[in-house]
Amino acid sequence: MYTTIKTLWKKGRNKSEIARATNHDWKTVDKIVKKLEKGIEVPSYSSRQTIIDPYKEAILKYLQQGLSGVRVYEKIKDEGYTGSYPTVRRHIAKIKASENIFLRIHTPPGEEAQVDFGYVGLTTDDTGKKRKTWVFNMRLSYSRLDYYQKVYDQKVETFIACHVNAFAYFGGVPQTVRIDNLKAAILEANFYEPTFQDLYKQFADYYGFDPLPCRIYHPNDKAKTESGIKFVKGNFFAGRTFSGEKNLDTRLAAWNSKANKRVHGTTRKVPLEVFRQEESEKLSPLPQKSFVMPYVGTRKVYHDCHIYVDYNYYSVPYRYVGQTVDIKIDGNLLSISKDGERIAAHQVQKGKGGFLTVDAHYPPHKRMDEACYKDMYRQKMASIGPYGAKMFEAIVDAYPGYWSPKIKGILSLGSHYPAEVVEASIKRAYHFGAYSYQMVKNICAAGTYTLPLEEVENGYHKVQA
């Protein structure tokens, strides 16, 4: 400022002209000119290091990790900073003020795709029900070729299914997929040490791409797909109504195809043409076999140290009672995890009402040796009646390594039916050699314990339950 005013004044400009030219107040110009008229030179300030200069790089690193201003201040204090917190706060404010300026990133063909969800409001499904609806977008960063799909949730299974459909649409797989910090894909929003949900990581490995999470509060990391979401919301969903789910899907697919043939606003090229000429051959080939998606979900651990999955019960270590755990069924294996760590695994049971229990999952004071354990349940079954005792021995003989869940199931019927009903039902099941909890339960529920014990049809015993 001083140098500019001095230069203009020496060129003969008056104070008003200088004030207009420099956009400074006339009084400020007048004060400086008066000093210059008296021969007082305004001192020149040489650049000098401020107290915060040695820590600017560290501050930027901590901000990128999502730390607050207070935490940044605490971190650099540990590194030797002796200044005040307001100084740090002012420096951070300057950094944030410049965040609108970003480097436009250009990626080579086939290297990157970006994905995101965008909420588009309520739409009508084919049953006439109004449902919350999102649109999924995957955009190839080089050609800007888009794939859009309507979805009703953002579950990890849906997220993966959208990827599969997008890769099929492109006919190949990019090297990396830049994702938002969605719950479907990222458990912990940390750009430097992302913890991927196991299922999504399996899928990424199977298709051969590297998932790359965006940094939190950095929308420019996925600016291309953010533009894609805005484009489809403003140019397809806005002002349109749909008669049902199929109608929406059909019209979205047609619009998607047309949109890929337009001249893109940034590149001034047609995405489909660029894709075919420069990018399609750079994508990795699709796997020969489809990705088999295991079932995933959550369950609460009951007070008896078991979870309930598809009408059967599986034990979990007692310390997780009352907590919610993650489950995954892959083929015949049920894996149970907590916070990413496997805590139990079982073979998937067939049928219904079965118990698969590992004794070590109970607390020590609840465990006993096999003989005492068996005798305790023998007495419980005998307390129901004489056929309760007979059924106990029959089940132990028929299922020597797996009698406990069946006996526990029969005993649990006493909470729903009188003892005489349970005993009569056991008697009927025992008579026909049906040594199972499920048969006893069915007889109780159907009330067939009052029927004659033996009916013959075509020379064979017929069991009525």
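Dipole orientation for segment 367-438: of the candidates G433, H416, A382, H416 has the Cα lying most toward the positive pole (charges on Cβ; Lys, Arg +1; Asp, Glu -1).
Annotation for R131 and L451: the two label points, set 7 Å from Cα along the Cα-Cβ direction, are 4.2 nm apart. Among the chymotrypsin sites (Phe, Trp or Tyr not before Pro) in segment 301-382, those located in a DSSP loop and surrounded by at most 11 other Cβ atoms within 10 Å of their own Cβ are Y311.
Could you check how much of the accessible area of segment 249-293 is carbon and sulfur, as a whole percent, using a 1.4 Å probe? The partial results should precede the final answer.
Working: 1580 of 3210 Å².
Answer for segment 249-293 is 49 percent, counting heavy atoms of protein chains only.
Evaluating 6.51 cos²θ - 1.76 cosθ + 1.60 at θ = phi - 60° for every residue in segment 436-448, the Karplus couplings come out as 8, 4, 4, 5, 4, 4, 5, 5, 4, 5, 7, x, 7 Hz, glycine and proline recorded as x. For a paramagnetic label modelled on K269 (point 7 Å from Cα along Cα→Cβ), amide N atoms under 17 Å away belong, within segment 135-163, to 139-146. Only lysines eight or more places from K75 in sequence, or on another chain, were considered; those with a Cα closer than 27 Å are K56, K61, K94, K96. Subtracting the Cα-Cα distance of E79 and H416 from 0.36 nm times their residue separation leaves 114.6 nm of extension gain.
Where the only charges are on Cβ atoms (+1 Lys, Arg; -1 Asp, Glu), what is the dipole of segment 327-404 about its Cα centre, to the nearest 20 debye? Walk me through the numbers on the way to the answer.
Numbers: 11 positive and 9 negative charges, 51 e Å.
Computed about the Cα centre, the dipole is about 240 debye.
DSSP loop trypsin sites (Lys or Arg not before Pro) in segment 345-413 with at most 13 other Cβ atoms within 10 Å of their Cβ, which ones?
K350, K352, R367
The gain in end-to-end length when the K96 to E37 segment is fully stretched comes to 17.0 nm, 0.36 nm per residue minus the alpha carbon separation.
Per residue, the solvent-accessible area of segment 222-278 (1.4 Å probe, heavy atoms of protein chains only, all protein chains present) comes to 58 Å².
Rounded to the nearest 0.05, what FRET efficiency do S68 and S16 give with R0 = 45 Å and r taken as the Cβ-Cβ distance? Could you check? Walk me through the intermediate numbers first.
Details: r = 48 Å, r/R0 = 1.07.
Efficiency for this residue pair is about 0.40.
With R₀ fixed at 25 Å, the C-beta to C-beta distance from K300 to Y152 puts the FRET efficiency at about 0.50.
Once the chain from D205 to T87 is taken as fully extended at 0.36 nm per residue, the excess over their C-alpha distance is 37.9 nm.
The values are calculated or read from the model by the stated rules, or taken from the named source; none is laboratory data. Being a predicted model, the structure only gives us computed values, none of them experimental. We place every Cβ from the backbone using ideal geometry, glycine too, and count neighbours over all the protein chains shown. The area values use the complete protein model at the heavy-atom level, side chains included, leaving out ligands, DNA and RNA. Shrake-Rupley method; radii C 1.70, N 1.55, O 1.52, S 1.80 Å.
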